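Asker: Sharing a structure, written as structure tokens. Questions coming.
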2 protein chains.
Amino acid sequence: MGRERAEAKAYLENAASLVEAELRRRLPAHRDIPGKLRAAMEHSLFAGGKRLRPALCLAAAEAVGGRREDALPGACALEMVHTYSLIHDDLPAMDDDDLRRGKPTCHVAFGEAAAILAGDALLTEAFATLAASPADAGRVKRAVAVLANAAGATGMVGGQQLDLDGEGQTATVEAATAIHLRKTAALLQAAVLVGAVLAGSSGYEQQALGRYGQALGLAFQVADDVLDATSSAEQLGKSPGKDREQKKLTYVAAAGVAAARRQARKLAREAVAALEPFRRRPACAVLRGLAELAVERKK
Amino acid sequence: MGRERAEAKAYLENAASLVEAELRRRLPAHRDIPGKLRAAMEHSLFAGGKRLRPALCLAAAEAVGGRREDALPGACALEMVHTYSLIHDDLPAMDDDDLRRGKPTCHVAFGEAAAILAGDALLTEAFATLAASPADAGRVKRAVAVLANAAGATGMVGGQQLDLDGEGQTATVEAATAIHLRKTAALLQAAVLVGAVLAGSSGYEQQALGRYGQALGLAFQVADDVLDATSSAEQLGKSPGKDREQKKLTYVAAAGVAAARRQARKLAREAVAALEPFRRRPACAVLRGLAELAVERKK
């Protein structure tokens, strides 16, 4: 188990370099981006994120026997969507956060207007990036559908609305899970599926990877709830204790820290179990390790 | 000329019914949209917009010999992107408008958080809608690229940043045109191109329609500057005189109302001239009439 975690960590670092280089390669082509908007986009896009979604996207492509290169535009698109969601979630009208990854949040650094626009631009560029993929058009069309459905009103954006609606509400495990499924798990699941779709995969493979991605996504968010409740700002790179302060409807609020830790580990095991059809593929060890990292992380 | 305008008006009304029915048909399928988010999306999407972009999309499809049905998902996507841009532009951190189409703006009715999310959701749904199109995958992939590039950092979002940057700056015709090209013309041009692409068209046809769409888009925004300077709130359905109040860098600020009126008409004629290759197609009369309507409107 320790070996797979180390392998996943190396894969994550490698994927981060690959994706950051590709993101930088794509942005300079846009000489026409107004300076302030561009600076706001880069501030958040290159803020030292873990790049977990890109790594999941690339590893899923390899797990179905495809090439990482085929999934690279998808990996970039996923990171753009994730980054936009953080920028908008941090806005004063939403969670009102000043600190993210140890740096001032986008609206603190560039003002609210530029932050809203930087988010809008990154979301839009995500689809431009997918559409510029050299992959077969049928796969690209399907990947656009997967990403848009996971990120939109019935997925991530809907989850953020539920998260806001849930403030001050009685926390139950069911309610917390309903929020987590959309707010976090939908996009992590999409990361896996977009990689699998772009690399070419069967419906059976996509089903198994979808189960893996959803369980991993839930595990990730439950672990996040635990970190918010137990970490320091220094460890976390963002302000801790915000969930309790804002009366968020979290797994920790519903069941306590100890039960949340157990649940995160249980979900990570479920994610690993869903990988059974791929167990002989080398990339499967990476996916297993990533599921562990999602719950064993310090930030 | 009067006949073509009447024909375009009838086409616009017909396109509006068609697109509204299709937008409503698409939304109910999403039973899982949280209530407040859904209400905020519908508030702005069904606020009695002119549906000019959908009409342009459908008419362009017909002008290249395609069927309206093939372009319908594109028409819906264009209206979603347009609506999202209005919601975000109206936010307190941006243009801070309370009134739009004679109704309270989205954030006034539902609060800032839901308005930001409703905009995000509509932008995302636009791409989901395109990706659900039954059209050939190659055409859909190209339509996604056209829409994303027009709407993103080098297009509409970049234009909104330039618009904000321009507040209080010395107005020149060149600077106003640079803003208009991105803020408004890019998406109107995309409306025409998405229709043409989804319906199947040659590069030559797309070039001609692209010139038409860009000239029409500029004409539309110059006419908008004139309306803001000369209309009442009742006529306009939104607060007039905001451009001068906010020291916006507009064509009117650069050249005055009379010169702006002349420029809008000149641009509309340029748009019509670009349609030369299609002059024998019935839909061409509609496109000519829409160019006239873009500058002769009262709101």
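Every number here is computed from the coordinates shown, using simple stated rules; none is lab data. Predicted, not measured: the structure shown is a model, and the values here were computed from it. Here the Cβ is made from the backbone with ideal geometry for all residues, glycine too, and neighbour counts use every protein chain on show.
Asker: To the nearest 0.05, how large is the calculated FRET efficiency for B:Asp32 and B:Ala259 if R₀ is 45 Å and r is the Cβ-Cβ distance? Mind dumping the intermediate values first?
Answerer: Values: r = 52 Å, r/R0 = 1.15.
Rounded to the nearest 0.05, the efficiency is 0.30.
Asker: With θ set to phi - 60°, apply the Karplus curve 6.51 cos²θ - 1.76 cosθ + 1.60 along segment B:227-244 and write out the HN-Hα couplings as whole Hz, x wherever there is a Gly or Pro.
Answerer: In residue order, the calculated couplings are 4, 4, 7, 10, 9, 9, 4, 5, 4, 8, x, 8, 5, x, x, 5, 4, 5 Hz.
Asker: Simple spin-label model, 7 Å along Cα-to-Cβ: A:Ala273 to A:Lys298 in nm?
Answerer: With each label placed 7 Å out from Cα toward Cβ, I get 3.2 nm.
Asker: Using a 10 Å cut-off on Cβ atoms, rank the peptides B:115-128, B:218-231, B:269-282 from the highest mean neighbour count down.
Answerer: B:115-128, B:218-231, B:269-282
Asker: Rounded if a/c is under 1.5, else prolate if a/b beats b/c, else oblate: with a ≥ b ≥ c from the C-alpha gyration tensor eigenvalues square-rooted, which is segment A:152-224?
Answerer: Because a/c hits 1.5 or more and a/b exceeds b/c, segment A:152-224 counts as prolate.
Asker: Also, quick follow-up: Using alpha carbon centroids, what distance separates segment A:80-120 and segment B:102-155, in Å?
Answerer: Segment A:80-120 and segment B:102-155 have Cα centres separated by 20 Å.
Asker: For B:Arg265, place a label point 7 Å from Cα along the Cα-to-Cβ direction in every copy; what are the distances to the other copies, in nm, shortest first?
Answerer: 8.0
Asker: For the protein assembly as shown, what is the calculated [θ] at 222 nm in deg cm²/dmol (nearest 500), taking -39500 (n - 2.57) for each run of four or more DSSP H residues and dividing by its residue count?
Answerer: Calculated mean residue ellipticity at 222 nm is -23000 deg cm²/dmol.
Asker: At a Cα cut-off below 13 Å, give the aspartates and glutamates reachable from A:Lys298, other chains included and same-chain residues fewer than 8 away excluded.
Answerer: Of all the aspartates and glutamates, those that pass the test against A:Lys298 - Cα under 13 Å, at least 8 places apart if same chain - are A:Asp224, A:Asp225, A:Asp228, A:Glu234.
Asker: For segment B:44-70 and segment A:272-299, what is the centre-to-centre distance using only Cα atoms, to the nearest Å?
Answerer: Each part's Cα centre sits 47 Å from the other's.
Asker: Shielding of B:164-171 by partners, i.e. mean partner chain Cβ atoms within 10 Å per residue?
Answerer: 2
Asker: Could you pull out every one of the lysines with an alpha carbon less than 19 Å from that of B:Lys36, ignoring same-chain neighbours closer than 8 positions?
Answerer: Here the lysines satisfying the reach criterion relative to B:Lys36 are A:Lys183, A:Lys248, B:Lys103.
Asker: Something else: Wrap a convex hull around the Cα atoms of segment A:2-296, take a quarter of its surface area, and give that in square nanometres.
Answerer: 13.9 nm²
Asker: At B:Arg244 and B:Thr172, where each label point lies 7 Å from the Cα along Cα→Cβ, what is the point-to-point distance in nanometres?
Answerer: Modelled inter-label distance: 2.5 nm.
Asker: Relative contact order, percent, of chain A when contacts are C-alpha pairs under 8 Å separated by at least 6 residues? Can you show the working numbers first?
Answerer: Numbers: 515 pairs, mean separation 71.2, N = 299.
With pairs under 8 Å counted, the relative contact order is 24 percent.
Asker: Put a point 7 Å out from Cα along the line to Cβ at A:Glu276; what are the distances to that point in the other copies, in nm, shortest first?
Answerer: Spacings between copies for this position, smallest first, are 6.9 nm.
Asker: Next question. Just report the Cα centroid separation between segment B:233-250 and segment A:210-267, whole Å.
Answerer: Between the Cα centre of segment B:233-250 and that of segment A:210-267, the gap is 47 Å.
Asker: Taking the dipole about the Cα centre of segment A:2-296, with the C-beta of Lys and Arg at +1 and of Asp and Glu at -1, give me whichever of A:Pro34, A:Ser232, A:Leu164 is farthest to the positive side.
Answerer: Looking along the dipole axis, the top candidate is A:Ser232.
Asker: Quick one: with label points 7 Å out along Cα→Cβ, list the inter-copy distances for B:Tyr204 in nm, shortest first?
Answerer: Between copies, matching label points for B:Tyr204 lie 5.0 nm apart.
Asker: Rounded, prolate or oblate: which one fits segment B:52-211, using the alpha carbon gyration tensor with axes a ≥ b ≥ c (rounded when a/c is under 1.5, else prolate when a/b beats b/c, else oblate)?
Answerer: Note, shape of segment B:52-211 comes out oblate.
Asker: With viscosity set to 1.002 mPa s at 20 °C, what whole-number translational diffusion coefficient in µm²/s follows for the protein assembly as shown from Stokes-Einstein and a Kirkwood radius over Cα pairs?
Answerer: Answer, rounded: 88 µm²/s.
Asker: Per residue of A:133-142, what is the mean number of Cβ atoms on other protein chains within 10 angstrom of that residue's Cβ?
Answerer: On the way: counts 2, 0, 1, 3, 8, 5, 2, 7, 13, 2.
For this peptide, the per-residue mean of nearby foreign Cβ atoms is 4.
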